[in-house]
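Okay, structure first, notes after.
The values are calculated or read from the model by the stated rules, or taken from the named source; none is laboratory data. Please read all numbers here as calculations on a predicted model, not as lab measurements. Cβ sites come from the backbone with ideal geometry, for glycine too, and all protein chains shown count toward neighbours. These accessible areas exclude ligands, DNA and RNA; they are computed on the full protein's heavy atoms, side chains included. Shrake-Rupley method; radii C 1.70, N 1.55, O 1.52, S 1.80 Å.
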Amino acid sequence: MSTARTAAVPGWLPAISAIARNTFREAVRDRVLYLMLAFALLMILASRFLAMLTVGSETKIIKDLGLSAISVFGLLTAVFVGVSLVFKEIDKRTIYTLLANPVRRWQFVTGKYAGLLSVLTLNAVVMFAVLTVVLWTYGESPAPLVPAVALILVELSIVAAIAILLSSYTNPMLAALGTVAAYVAGHLSWSFELLARRIPEGSGRGLVRVLSWLVPNLDRLDLKALAVHGVPIPAGQVGYAVLYGLGYAIAVLVLACVVFERREFRA
Amino acid sequence: MSRIATCAVLAAGLACAAVGLAGLRAAEPSPGSAELLYLPNGRHLRLASSGHASLAADAVYLWAIQYYSNYERSDRHQYVEHVFGTVIPELDPRFVDAYALGGMILAIEARDLDAALRVFDRGIRENPADWLLPYTAAWECYFAGRPALASRYLDEAVAKPGAPSLIARNRAGMVERAGDPRAAWRLWKELSEDPASDETTRAVARGRIADLQQRIDLEDLRAAIASYRAAHGRNPRALDVLVADGLLPAIPAAPDGTGYRYEPDTGEVGAGATRVLGDR
């Protein structure tokens, strides 16, 4: 990303948006993506039938199932589409054609990420729209769920960035495993703080503290239970969560760009 | 392999699987609580759910409803308190319906009010703004023959924000059933005078005040007559004597306006009607 070369490339934004548009089209055409979307919609609709098995709490279960479906299918999309985006271009050697154009590597990675993020947003919006319709049939407002869905998207933006980072220097299988591991560790990030309190003062505690900052604190972005019960969520909490998510995703993406810049491709 | 051979192998495979499954189902042991032995506690389920603890609570709740709806299980009440009072709350402490259902299963079907109240109490602690749980607990106490405890839970329910006015009426009625007409009279009086009370509540309160007033008056009169008899060895000639003797501040006027009947020969005192219909 030298200054001289950057100056030689006219308009970084059109390059990124062109790659993002292509990534979006490619992902939307992907049959796996359609399958996930259809399955997610089916899950949300199935929630109505599940509600027949319960004693009261129908809408609570529908909301839980809907939000979890949005989160889980978003995660699967982020992982399985995210890890193959960069790899496919290298594997099919289309990366050479792309990079022969006036497109910098960091623009390529950022464009791929932006395309993936737009796919994830579309997924979440469509699924939330279906959930809204289901809730309306019960006379329930979906409004209290909006902050939770927003933070699911923030969480997915972090997961997508990690998937892109890992896929920029390893194969899709390892990248998928690493991304899922980061997701699970992110939801257990509270345990680092607990561990730091339990172990004696020293380098061990310091290391755990550092880890607790490095691991994505995804559990702090999880407002699903509060939203389902209609507990008012302070705007500040949502604001900080969005700030954290965006900051973390940008940092990981920058790292992905640096790694991809240094990568050597064999002809 | 020819098409016929392929179909034959497929059919044979399916037939074997069907026979095997039918055999497994026939050999299935009778329903018992064995499956509950493998139910992890809520903390472990929360860890495994990776950010979907509320959904995991729903899954346990739905499973528990099906499990406890099977009346063929002889030991079906063994782990109700653990499932509804520990596992589900550890996953979703705000799941009010789970506490209510668990408490009702324990109180109504298992006839274990103490266990039911432990489940209700945990729900009340975890959901301090909810009126449904103390209200439900109150009725379970009442049906178990403990109206005094029931009135305590209603006291708690009525103080919650958004509690319907019906609960305040239920509380006054419960205190009455617990055998404290004076306290009940005070509660009904407060309700009848509370500008926040709706018209139905005020009408019910007026009726109950009149009934209770009559009951309290008769209790006071009978106590005064008994005291007079103990002091003089005979019944008073008329009720006025009780006032003259300082046993009553005044002769109470019956709420129906007819006055209390007194029989000097027997010392019996009574009202014109056993119940009072509204104001006079």
Task: With every protein chain in place, chain A: carbon and sulfur % of accessible area (1.4 Å) - done: 70 percent
Open item on the list: For a quick check, take a GNM of chain B with Cα springs below 10 Å and name the residue from B:R237, B:R202, B:R125 with the largest mean-square fluctuation.
Closed with: B:R237
TODO: Would you mind classifying chain A by shape? Square roots of the alpha carbon gyration tensor eigenvalues, ordered a ≥ b ≥ c; an a/c under 1.5 is rounded, otherwise it is prolate if a/b is larger than b/c and oblate if not.
DONE: oblate
Task: the stretch B:1-160 - percent relative contact order, Cα under 8 Å, separation 6 or more - done: 16 percent
Task: Using distinct alpha-carbon pairs, which all enter the 1/r mean, Kirkwood radius of chain B in Å - done: 24.0 Å
Task: Carbon/sulfur fraction of accessible area - the stretch B:131-280, other protein chains in place, 1.4 Å, % - done: 52 percent
Task: Sum of side-chain charges, B:A250 neighbourhood, beta-carbon under 11 Å (Lys, Arg +1; Asp, Glu -1) - done: -3
Task: Pairwise Cα inverse-distance average, inverted: Kirkwood Rh of the stretch A:38-177 (Å) - done: 16.5 Å
Task: √(5λ) per eigenvalue of the Cα gyration tensor, the stretch B:116-273, largest first, Å - done: 40, 18, 11
Task: Under the span-like rule (Cα at least 30 Å along the axis, Kyte-Doolittle mean at least 1.0), DSSP H helices of chain A - done: A:58-91, A:105-137, A:146-167, A:235-262
Task: the stretch A:201-265: GluC sites (Glu not before Pro) in DSSP loop, at most 11 other beta carbons within 10 Å - done: A:E201, A:E264
Task: Reach of A:K88 by Cα under 28 Å, taken over lysines that are not fewer than 8 positions away in the same chain - done: A:K112
Task: Over chain A, relative contact order from alpha-carbon pairs under 8 Å, at least 6 apart, % - done: 25 percent
Task: Most to least accessible of A:L214, B:L101 (protein chains only, probe 1.4 Å) - done: A:L214, B:L101
Task: When the convex hull of its Cα atoms is projected in every direction, mean area for the stretch B:74-155 (nm²) - done: 4.8 nm²
Task: Hull-based mean projected area of the stretch A:76-121, where the convex hull spans the alpha carbons, in square nanometres - done: 3.1 nm²
Open item on the list: Strictly over 19 Å apart at the Cα level, which of A:K63/A:K224; A:K60/A:K224; A:K60/B:K160 would you flag in this model?
Closed with: A:K60/B:K160
- [ ] Scan chain B and note any complete DSSP helix (H) whose C-alpha atoms cover at least 30 Å along its axis and whose Kyte-Doolittle average is 0.5 or more.
- [x] B:3-26
TODO: Find, to one decimal place in angstroms, the Kirkwood hydrodynamic radius of the stretch A:157-264, where the mean of 1/r is taken over every pair of different Cα atoms and then inverted.
DONE: 15.5 Å
Open item on the list: Loop-only GluC sites (Glu not before Pro) in the stretch B:41-101, please: DSSP not H, G, I, E or B, and at most 12 other Cβ atoms within 10 Å.
Closed with: B:E72
Task: Distance histogram in 5 Å bins (all Cα pairs of the stretch A:40-115, percent per bin) - done: 3, 14, 17, 14, 9, 8, 8, 8, 7, 6, 3, 2, 0
Open item on the list: Based on the alpha-carbon set only, what is the convex hull volume of the stretch B:1-144 divided per residue, in Å³?
Closed with: 154 Å³
Task: Percent of alpha-carbon pairs separated by more than 47 Å within the protein assembly as shown - done: 39 percent
Task: For the stretch B:135-182 and the stretch B:33-95, distance of Cα centres in Å - done: 30 Å
Task: Alpha-carbon Rg/Rh ratio, for the stretch B:160-245, with Rh computed the Kirkwood way - done: 1.18
Open item on the list: Connecting C-alpha atoms closer than 10 Å in a GNM of chain A, tell me which of A:G236, A:G111, A:G82 has the biggest fluctuation.
Closed with: A:G236
- [ ] Find, among the chymotrypsin sites (Phe, Trp or Tyr not before Pro) in the stretch A:127-191, those assigned to loop by DSSP (not H, G, I, E, B) with at most 14 other beta-carbon atoms within 10 angstrom.
- [x] A:Y138, A:Y169
Open item on the list: Under 10 Å, Cα contacts only: if you run a Gaussian network model on chain B, which one of B:A115, B:A157, B:A138 comes out with the highest mean-square fluctuation?
Closed with: B:A115
Open item on the list: With a cut-off of 8 Å between alpha carbons and a minimum separation of six or more residues, what is the relative contact order of chain B in percent?
Closed with: 9 percent
